[in-house]
Structures are given as C-alpha cells and as structure tokens.
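The values are calculated or read from the model by the stated rules, or taken from the named source; none is laboratory data. Just so you know, these numbers come straight off a predicted model, no measurement behind them. Quick reminder, even Gly has a Cβ in these numbers, built from the backbone with ideal geometry, and neighbours come from all protein chains shown.
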Amino acid sequence: MKKDTGKTAIITGAGSGIGRELSLLMSKRGACVIVCDLNQTAADETVRLIEDSNGTAEARILNVSDYETFQNIVNETQEKNGSIDYLFNNAGIGVGGEARDFTINDWRSVLDVNLYGVINGITAVYPIMTKQKSGHIVNTSSLDGLVPFPMHLSYTASKYAVVGLSMALRIEGDPLGVRVSVVCPGRVETSIFEATKLINTDREKTMKIVNSAPAITAKTCAKRILEGMDRNDELIIPSAYARFMWGLERFAPSVVHDIMRFTQRWVSDFRVEK
C-alpha cells in the first residue's frame, strides 16, 4: 500500500458508499481526510470510523453545487494543512425516467451536482495544485459516461461531460505536475439507486432491472480506484462488466445501441401516467 503520511485528501460524497470507502482507505495510507458530505450525520460517522482506526479526519458539510462553500473548505484546508494532495470529486445524484417527462429543474438538479460539483472542486483546488506542482484529481463519472444508457439522460449527459473534462484537464495538468484520472464504474452496491428520483416510472419494476446488472461492492470499487490512481491511469474502470460494455461500445456500437433500444422498449412498459 502506498504511503501518504502527511498528505491531505478532500473527498466529496464521503458519508456513504464509494466516498466512505475511499476515505477509509486513504486514511489507512496515512492521509488526513477531509470528509465532505451534505449529510452531517453520515459525514460524522465516516470520521468516527477513521478515528477508531487511529486515522485523522475532519467532517465538513458541503453541497458541491455551492462553489463559495467548496472554495472556503479548500482554502481553510490548505491554510491548516499546508497542501492539498488529492481531490476526489465523488458526489453524485440521479433522476430516472423518460426525457419527455423531465422538467428543467430535473435537468438542473443533476447537472448542478454531477457536473458543476466537479467543476467547482477543480476550480477551487487546481490553482493550488499547479502552484505546488503536485496533486491528483480523481473525478467520478460512470459507465453512463462511456455508453449511452436511456432513461436517465441528465445523468448520462453529466457523466459524459465529466469524462471529457477530465481527459482534457489531464493534458493541461501534466506539464504542471498535476495528475487527473476519471473513474467509470458500472453498478456498485450503494444507496444511489434507492435515492434516485424516478419520474412516471414504477420503482419496484425498475429496481428489479437495475439490480439484475452485475455489481461490485463499494469497498472493492474504492480499492480499484486507488490502484488505478497509483498507476496514474487516465481512465479507471473498476468492474469487468463495465470494461466489457465499454469495449463493446468502442468496437461494436450498433450492438450496444440495439441492446439499449430493447431495454428502452422494455422499461417503457413500466411507465406510470400521472
């Protein structure tokens, strides 16, 4: 395991799921972890788990769509700890349903967190890292950022954007000493799907489809993310299922799109008119 004693990691969405597991693993590597989450109780619980293992952590309440708060947390952390060595832009939300039923607020709520949350973190941290001539930014996208899944277009749009943003920033950051990686998991055993808002769609039937996809645990996902980060991988795809679907999209996109059309017709049967 790589040692990060004396280094600082800011992790968003760290109150549960992948973010919590990343926090625990970074703490075991010796880093001071700034646990950021919208939920105070969840953030405090992550900190407690870290401290129970003799790690160092601090909970901060953060809505990643709030740039000023994000910037304040970054500035205070840099002033206190002297550097910011890692930023994990991990927070994310989703809205499911057909695009014809989305309101503009359904689009904005997802893009504000999944895209502008990443942009806010980069804007706050990147100048510090370029001045240090070191640092690693790890942005969480999704398999939905590599393969065009229907039924959650705002989520898919945000995740495609995060992939492109990350790859372009990686090129800019390389000569300045800043590394950038983007993570594209498939299904991970977290609460994000249960928390996802569904519009005019039968939740029970939809969740059966979602849960039928192969999944990995959040702990396994976090471990593979850090392995990819240590290799300085541009694109980190933690699960075999996600790697298979990405490969199929690259080499036989018409096959993937036919699968998605079939899925769309199937899921359309779950539509609930209101």
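Things worth noting here:
- Selected residue (criterion: surrounded by the fewest Cβ atoms within 10 Å (Cβ to Cβ)) from residues of the range 163-175 that are aliphatic (A, V, I, L, M) and within 17 Å of Gly121 (Cβ to Cβ): Ala168
Results for (1) part of a loop (DSSP other than H, G, I, E, B); (2) hydrophobic (A, V, I, L, M, F, W, C), shown as yes or no for each residue.
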position	(1), (2)
Lys3	yes, no
Ile18	no, yes
Leu22	no, yes
Arg60	no, no
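- Residues that are at pLDDT 95 or above and either of a type in the set (A, V, I, L, M, F, W, C) or within 13 Å of Val138 (Cβ to Cβ) (or both) within the range 1-20 comprise Ala9, Ile10, Ile11, Thr12, Gly13, Ala14, Ile18, Gly19, listed in sequence order.
- Filter result for Val113 (of a type in the set (A, V, I, L, M), surrounded by fewer than 24 Cβ atoms within 10 Å (Cβ to Cβ) and over 22 Å from Ser166 (Cβ atoms)): no
- Flag if Val64 is modelled with pLDDT of 95 or more, crowded, with 22+ Cβ neighbours inside 10 Å and more than 15 Å from Ala9 (Cα to Cα): yes
- In the range 226-249, the count of residues that are surrounded by 12 or more Cβ atoms within 10 Å (Cβ to Cβ), in contact with a Pro (Cβ under 6 Å, 6 or more places away or on another chain), modelled with pLDDT of 95 or more and basic (Lys, Arg) is zero.
- Residue count, the range 72-102 (criterion: at pLDDT 95 or above, more than 21 Å from the chain's Cα centre (by Cα) and in a loop (DSSP other than H, G, I, E, B)): 2
- Assessment of the range 134-156 against the conditions (part of a helix (DSSP H, G or I) and surrounded by fewer than 19 Cβ atoms within 10 Å (Cβ to Cβ)) yields no matching residue.
- The combined condition, being closer than 14 Å to Val182 by Cα and touching a residue at least 40 places away in the same chain (Cβ under 8 Å), is fulfilled by Asn114.
- Any hit, the range 39-57, residues being small (Gly, Ala, Ser), without any contact (Cβ under 8 Å) to a residue 40 or more places away in the chain, surrounded by 23 or more Cβ atoms within 10 Å (Cβ to Cβ) and part of a helix (DSSP H, G or I): yes
This table checks each residue for (1) of a type in the set (A, V, I, L, M, F, W, C); (2) in contact with a helix residue (DSSP H, G or I) (Cβ under 6 Å, 6 or more places away or on another chain).
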site: Ala9; (1), (2): yes, yes
site: Ile18; (1), (2): yes, yes
site: Lys28; (1), (2): no, no
site: Gln40; (1), (2): no, no
site: Ala43; (1), (2): yes, no
site: Glu51; (1), (2): no, no
site: Ile93; (1), (2): yes, yes
site: Arg100; (1), (2): no, no
site: Val113; (1), (2): yes, no
